[in-house]
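Before any comments, here is the structure.
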Amino acid sequence: FVPSPAALAARIGDMGAATLNLQAGSPRQSPGAAAIERALIRWLADAVGFPAGAGGLFLSGGSMANLTAVVAAREAILSEADRPRGVAYITSETHASVARALRIAGLARDRVRLVATDERVRMAPEALAAAIARDRADGSIPFLVVATAGATATGAIDPLPALADIAERSGLWLHVDGALGATAALSPARRGLLDGVERAVSRAGDGHKWLFQTYGCGMLLVRREAALTDAFRLDADYLDDLGEADGAPAFWDMGPETTRPARALKLWLTLQTLGLDEIAAAIDRACGHGETIDRLVAGMDGWRRGAPASLGIATFRCAPEGLDDAGCDALNAALADDLRRDGFAVAGEARIGGRRFLRLCALHPETTDDDLRETLRRLEAFARLRL
């Protein structure tokens, strides 16, 4: 769960799209909405370094973007006869929507491999390579690696260059779930965090996080637009006269929806009013907040950090001397509840190495360092009352 502070322009754009009630399935039905969507997809593709032939579309969220990518990968690599032997690779930190997408796409649970993670809870490249080799040896067909750019629990970013090396060498489709972290590509100061994403075959994003959109603003980018039409285009006489316009495929030929709202309008309006510099500054502030929490926790007696702060997410726990792991788990669960009841802030939960950690996700652009200090001060006070 990531907070979703929606900008006023996004709310107005959402109301405008609903009021106009545009059917954005085909450029012939809503040429203005289609022009905006295509321009934004091209702009996003440029931002992550995708080539000229890249394409994509807006979807209801990161979950649907992941599902669309999974289906496109299956159609691109596996024949219908080979599907029962197809294997996909994820980690314990991969978003649950990916596991759901694999299930919907027809992969049995024993066809999904859980790859080990390193000390920073990122997919371990050597473990991935070994798993692919084992599966090939037993006659399975590896076809998809799902990397994460911004794990929900910790903000961790998988080592994308190393994973891209393995995927390219092995002929696998590399999909990057960037629902949280993909927007970091828009910040000059943070773009390096996503090195390697330009080598992915597809990338999912979600506008309701760092792009400050209302819910329902996911997007999928693919290096080759035809990969989507190859997977989703179907013949139907009643769609023929509303299909391609000026050589561009209809959006209903690129994903699972025939009828779809004009989701890109609100993002376009937000970018026109806030500007890219303001969004980049908000990304930088949020990342800085996570790093600030890390530094503050390091100076708190009886507390310890979890995974390194990443993308505005920091994890930590109260671990006083003499209290065992189970006792610390129970204590931190109680502290999270104390903070919620207090009402000043909310600390979520992250499981790292099987243990319970508190988690702060400071993406709101109005959050200050004083807010962070006060949150930690209150947690310390609650801990003293319970110990």
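Any chance you could run the full-extension gain for residue 248 through residue 195? It's 0.36 nm times the residue separation minus the Cα-Cα distance, nm to one decimal.
Answer, rounded to one decimal: 16.1 nm.
If you place +1 on the Cβ of every Lys and Arg, -1 on the Cβ of every Asp and Glu, and leave all else neutral, what size is the dipole of the range 100-209 about its Cα centre, to the nearest 20 Debye? Could you put the intermediate results ahead of the total?
Details: 15 positive and 13 negative charges, 61 e Å.
Here the range 100-209 has a charge dipole of around 300 debye.
Note the angle between two axes, namely the Cα long axis of helix 276-298 and the longest principal axis of the Cα atoms of the chain, as a number of degrees from 0 to 90, rounded to the nearest 10.
Tilt relative to the chain: about 30 degrees.
In the range 322-343, which residues have a backbone nitrogen under 17 Å from the label point lying 7 Å from residue 377's Cα in the Cα-to-Cβ direction?
Flagged as within label range: 339, 342-343.
Please calculate how many Å² of accessible area the range 149-195 carries per residue, with a 1.4 Å probe and no DNA, RNA or ligand atoms counted.
On the way: 1350 Å² over 47 residues.
Result: 29 Å² per residue.
Not counting the cut sites, what is the longest span of the chain without GluC sites (Glu not before Pro) that DSSP labels loop and that have at most 12 other Cβ atoms within 10 Å?
It runs 120-320.
With each run of n ≥ 4 DSSP H residues scored as -39500 (n - 2.57), what mean residue ellipticity at 222 nm is computed for the chain after dividing by its residue count and rounding to the nearest 500 deg cm²/dmol?
Numbers: 11 runs with 157 residues, N = 387.
Taken over the chain, the calculation gives -13000 deg cm²/dmol.
Just how large is the dipole of the range 270-343 about the Cα centre, in debye to the nearest 20, putting +1 at every Lys and Arg Cβ and -1 at every Asp and Glu Cβ? Display every interim value, and only then the final one.
Values: 7 positive and 13 negative charges, 20 e Å.
With only Lys, Arg, Asp and Glu charged at Cβ, the dipole is about 100 debye.
By the gyration tensor of its Cα atoms, with a ≥ b ≥ c the square roots of the eigenvalues, what is the shape of the range 1-110: rounded for a/c under 1.5, prolate for a/b over b/c, or oblate?
On the way: a/c = 2.10, a/b = 1.66, b/c = 1.27.
In terms of gyration-tensor shape, prolate.
Would you mind calculating the gained length between residue 82 and residue 109 on full extension (0.36 nm times residue separation, minus the Cα-Cα distance), in nm to one decimal? Don't jump to the answer; show the numbers that get you there.
Details: separation 27, 0.36 × 27 = 9.72 nm, distance 1.61 nm.
Here the answer is 8.1 nm.
Between residue 19 and residue 133, what is the label-to-label distance in nm when each label sits 7 Å out along the Cα-to-Cβ direction?
With each label point 7 Å from Cα toward Cβ, the separation is 6.2 nm.
Roughly how compact is the chain, stated as its Cα Rg over 2.2 N^0.38 Å to two decimals?
Numbers: Rg = 21.9 Å, N = 387, 2.2 N^0.38 = 21.2 Å.
Normalised Rg, Cα atoms only: 1.03.
At a 1.4 Å probe, what is the % contribution of carbon and sulfur to the accessible area of the chain? Can you show the working numbers first?
Working: 8570 of 16530 Å².
Its accessible area is 52 percent carbon and sulfur atoms.
Just to confirm the number: angle between the C-alpha axis of helix 62-77 and the first principal axis of the chain, 0 to 90 degrees, nearest 10?
50
Compute the angle between helix 8-20 and the longest alpha-carbon principal axis of the chain, please, reported from 0 to 90 degrees and rounded to the nearest 10.
Its long axis makes an angle of about 30 degrees.
Longest segment of the chain with no chymotrypsin sites (Phe, Trp or Tyr not before Pro) in a DSSP loop having at most 15 other Cβ atoms within 10 Å?
Working: sites that count: 1, 215, 344.
Result, exposed sites excluded: 2-214.
The values are calculated or read from the model by the stated rules, or taken from the named source; none is laboratory data. Quick caveat: nothing in here was measured; it's all calculated off a predicted structure. All Cβ positions, even for glycine, are placed from backbone atoms using ideal geometry, and neighbour counts span all protein chains on display. Heavy atoms of the whole protein, side chains included, go into the accessibility calculation; ligands, DNA and RNA do not. Shrake-Rupley method; radii C 1.70, N 1.55, O 1.52, S 1.80 Å.
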